[in-house]
Amino acid sequence: MRVYDREQQEWAGGRRERLYHPDQYLDLPRQRRILERTGVVLAVVGLCFGVWALAWKDEPEPPRPTSSGQDDSAPADPSGPTPQTSPTGNDYASAALPDGYHEVPDEEGFRIAVPVGWSRQSSPSQYGIDIVNYRSPDGLRRLQVFQLMEDSPYGSLQAAQLESAKLDGYELIELTELPSSPDAAAEHEYRASEIVGESTSGVRHVIDHRFEAVDGNRYALVAYGPDNADRAERELVDTAVTWFCPPERTCGTPPAG
């Protein structure tokens, strides 16, 4: 077959035809060997491609992670650690006021909680804030708040107990430090038939709680009431201590317990 030489712009002769189509001019045995080799190469290539395609098709897909980043396909391990969650505001309980109490921001700058309907009176003090008294409508119960000069709540109560022992009908119930308190604290609990500032007669029950507050100052919360078994003075003092916040301080809601 003649071919057209594009460089020479003419039809090529027999020699150039052999250059452009050498396979046509090989002898028959050589042409057969070339075809056989070509067939073998194509067969090997096809076999390799088929194996690769089957392997790719059967390869399992990677597990899809959940929103928590865990593998859904992995079985749960009951003995494994429990996932930790971040605490929310609802995870922390706050103290609740007893029935009939309310929170009071006092004129002297401190916060406290007292029974609803109690009246307030104050008088000058030789040290710190004024002496503040909250009194029940019937006049039988009272909560007194004042600031201490002494550096130690227990030392202050020891000195006060010496004076209280002079009262008519004085009976000591307990004078102790309170190691369970987060800061220094102590209590003097007693009975007496004579109480300074009380006009009513009869035996009175007193709980004098003195403590160091978060501002580093020391205060006294003293509950007075009739001597009976209703533990009213204990609730009065415990609630006042729990909700007390000193002047010029911002305190959140106290924790429960």
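The values are calculated or read from the model by the stated rules, or taken from the named source; none is laboratory data. This is a predicted model, so every value here is computed, not measured. Here the Cβ is made from the backbone with ideal geometry for all residues, glycine too, and neighbour counts use every protein chain on show. Note: accessible area is taken over every heavy atom of the protein model, side chains too, but ligands, DNA and RNA are not part of it. Shrake-Rupley method; radii C 1.70, N 1.55, O 1.52, S 1.80 Å.
Just a few scattered comments:
- Sorting the segments 122-132, 203-213 by their residues' average number of neighbouring beta-carbon atoms within 10 angstrom, most packed first, yields 203-213, 122-132.
- Within the shell of other residues whose beta carbon sits under 14 angstrom from the beta carbon of residue 152, the net charge comes to -4, with Lys and Arg scored +1 and Asp and Glu -1.
- Distance between the modelled labels on residue 96 and residue 230, one decimal in nanometres: 2.2 nm (7 Å Cα→Cβ projection).
- For residue 113, the residues whose modelled amide H falls within less than 5 Å of its own, excluding neighbours fewer than 5 places apart on the same chain, are 104, 243.
- Per-residue HN-Hα couplings for segment 172-178 [Karplus 6.51, -1.76, 1.60; θ = phi - 60°; Hz; x = Gly/Pro]: 6, 9, 6, 9, 8, 7, 10
- The listed residues 148, 167, 172 rank as 172, 167, 148 when sorted by accessible area, largest first, using a 1.4 Å probe.
- Cα gyration tensor category, rounded, prolate or oblate, for segment 182-247 with a/c compared to 1.5: prolate
- Rough spin-label spacing in nm, given labels placed 7 Å along Cα→Cβ, for residue 171 and residue 149: 3.3
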